[in-house]
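Remarks on the structure that follows.
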């Protein structure tokens, strides 16, 4: 299987080349030329497998230059009991016979990014060997909160790698910031950016496309790659948990083979829900893909109107991983829905860069709306949902999950669709304990990590160990820069 650029399908790379490179040199995203088929026989077989076994079976369909033995080794290490506090890795929590929550926060950083970023370092290291790459890889990451810590944890002290994470200075929760600032490892760096996530993400993309910088780093013995979801090695492991959820429903007798299941995903950069769409194209019986946004509802408007317009106020919310106005992975969907029209995609991205907006043809919009429903949830409603789900279900959820729950319920009321639905929980509520506590009606919320203890008391639930242990760690990284100075930070790290 070859991987081609969304902006020039003449670019053709192997899986290991695509993972090592991260982003196409033309600025496009590397994506599979064709998708493999997922049969009912495969789903039936996977229903009796463990999560790591399911991951191997799915990933080997896409990674032809990796052996099954390699992938088994990677998944055994990445999804081990030392890393994940639940042996099921991505368990389903039933709220009722029609509604299930897919918990993706049982890994070492208590967020769904662990599902991919405990595998990507293994894939990348192996890719360097397969391509006889002698230089050290420098991984640049822009994060809206969760990717940064998950990437740092995944890549810490990995041979022949350095990783540098940029995050918006005032755009992540206190716990998220502390997770990154206290990161251990001899090959890691963290820097805050004065601005929002889009500023950090745009800055990283500019660094990737800077030929002079690439040449300078090559002379120093480095090359750039990415651990953001622009890297196919991040998207692929995410396909697994949608397929795994369906297999769990089958194994538990909650659905029959072929029965369609809706998935509702809280969405910022569009990578998480895109993975589910890819699984559907492969043959997973998916009904509607419900795209849930917060007050930064650029995706809701795009799905509704066919016009993408980032020229709008940026809202800093209690669900910061969705505080994004430029959803990078949408480019991969446009490429697929347009019949791999690379020129059209390049034109859309050029318009977005120059004017902040583009509009797709009616035929493409119709394809988009056939698969996706878009909705959003404002701040007040997010708080109400956290409290509602706690009071009615005794189930504690974070703000991102609350956004998904609300949009799922809105879709059901509007459409009358009663398909069984899996809504995705992307982070532990203890990563956002201050906002969760306020949502539960606590007036006097304690500061910093004391709020973790407070939420434990209020909920009767234990905080995940990786978060509880933060109070014993020293802050290592305090630097913050203007977005124009991000290159200086890179060059300083790679002296």
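We did not get these values from a lab; they are worked out from the coordinates using the rules stated. On a predicted model such as this, the values are computed, not experimentally measured, just so you know. FYI the Cβ positions are ideal-geometry reconstructions off the backbone, even for glycines, and counts take in every protein chain you see.
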Sequence-separation-based contact order of region 339-409, relative, with Cα cut under 8 Å and 6+ spacing, percent: 23
Within the chain, percent of DSSP bridges classed antiparallel, to nearest 5: 25
Prolate/oblate/rounded call for the chain, Cα gyration tensor, a/c under 1.5 rounded: rounded
Whole-angstrom gap from region 140-163 to region 418-481, using each part's C-alpha centre: 21
Theoretical FRET efficiency, 1/(1+(r/R0)^6), r = Cβ-Cβ of residue 414 and residue 209, R0 30 Å, to 0.05: 0.15
Cα-based convex hull volume of region 179-236 per residue, rounded to whole Å³: 131
17 Å reach of a label modelled at residue 25, 7 Å along Cα-to-Cβ, counting backbone N of region 197-224: 207-219, 222-224
Translational diffusion of region 404-495, µm² s⁻¹ [Kirkwood Rh, Cα pairs; Stokes-Einstein; 10 °C; 1.306 mPa s]: 92
Span from the region 24-75 Cα centroid across to the region 89-111 one, whole angstrom: 22
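Which order, highest average first, do 250-261, 445-456, 8-19 follow once you tally other Cβ atoms within 10 Å for each residue and take the mean per peptide?
Descending mean neighbour count gives 8-19, 445-456, 250-261.
Given R₀ = 60 Å, what would the calculated FRET efficiency be for residue 461 paired with residue 40, taking r from the Cβ atoms and rounding to 0.05? Display every interim value, and only then the final one.
Details: r = 38 Å, r/R0 = 0.64.
Efficiency at R0 = 60 Å is approximately 0.95.
Just subtract the alpha-carbon distance of residue 81 and residue 60 from 0.36 nm times their residue separation and send over the number in nm, one decimal.
Working: separation 21, 0.36 × 21 = 7.56 nm, distance 2.28 nm.
Computed gain between residue 81 and residue 60 is 5.3 nm.
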Burial order of peptide ranges 104-111, 388-395, 126-133 (average beta-carbon count within 10 Å, highest first): 104-111, 126-133, 388-395
Full-extension gain in nm, residue 307 to residue 370, via 0.36 nm per residue minus C-alpha separation: 21.1 nm
Inter-centroid distance (Cα atoms) of region 374-399 relative to region 203-276, Å: 26
Residue 93 versus residue 72: modelled label distance in nm, points set 7 Å from Cα along the beta carbon direction: 3.4
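Computed FRET efficiency, Cβ-Cβ of residue 472 and residue 186, R0 22 Å: what is it to the nearest 0.05?
0.65
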Shape of region 15-96, Cα gyration tensor, a/c cut at 1.5: prolate
Rough spin-label spacing in nm, given labels placed 7 Å along Cα→Cβ, for residue 443 and residue 347: 6.0
Added length on full extension, which subtracts the Cα-Cα distance from 0.36 nm per residue, residue 218 to residue 12: 71.9 nm
Percent RCO, i.e. relative contact order, over the chain, from Cα pairs under 8 Å lying at least 6 residues apart: 19
